[in-house]
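Beneath this line is the structure, given in structure tokens, with notes to follow.
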Ligand code: SF4
């Protein structure tokens, strides 16, 4: 039995906390990489050189000093590549590691004020989101 079988509440309030702070990783697929490079008017190589690094041996977006995502705009608190942001960002907080148990979900909710509040997401919707995760072993 899944602990979230009655659904979960979440609505992003745009506080930007999940884009800032302690170092993490933002993984992306080759298609997402191409879309990010195109959005920025860069070749793939230029995009890789300027904006990417590697985490756990997988390509990841870089962070600024202090751990903020390289594409987080501190003045507006918005994502500079929102339209083409990777699926990892779109799926948050419905990541396999956070849905593992009530404890992992609640731990994440301590730093995300959108969790346990706002829109109700059905178990079917959550299962679909989990199935969309491009990096189930990493997230
Ligand atoms: S921490 Fe939660 S509420 Fe804040 S921007 Fe991220 S997802 Fe939205």
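Each reported figure results from applying straightforward, stated rules to the coordinates on display, with no laboratory input. This is a predicted model, so every value here is computed, not measured. Heads up, the Cβs are rebuilt from the backbone with ideal geometry, glycines too, and the neighbour counts pull from every protein chain shown.
For the reader, a short list of remarks on this structure follows.
- Overall form of the chain per C-alpha gyration tensor (a/c, 1.5; a/b vs b/c): prolate
- Full-stretch length increase - residue 100, residue 56 - with 0.36 nm per residue and alpha-carbon distance subtracted: 13.8 nm
- Spin-label model distance (nm) - residue 116 vs residue 90, 7 Å beyond Cα toward Cβ: 2.9 nm
- Rounded if a/c under 1.5, otherwise prolate or oblate - segment 92-139, Cα gyration tensor axes: oblate
- In the chain, helices alone account for a calculated mean residue ellipticity at 222 nm of -8500 deg cm²/dmol, with every DSSP H run of four or more residues adding -39,500 (n - 2.57).
- Virtual spin-label span in nm between residue 12 and residue 80, 7 Å along Cα→Cβ: 1.8 nm
- Reducing segment 1-35 and segment 83-131 to their Cα centroids gives an inter-centroid distance of 6 Å.
- Between residue 64 and residue 38, the contour length at 0.36 nm per residue exceeds the alpha carbon distance by 7.2 nm.
- Within segment 1-31: backbone nitrogen closer than 19 Å to the residue 124 label point (7 Å, Cα to C-beta): 2-10
- Separation of the residue 49 and residue 137 label points, Cα + 7 Å toward Cβ, nm: 3.2 nm
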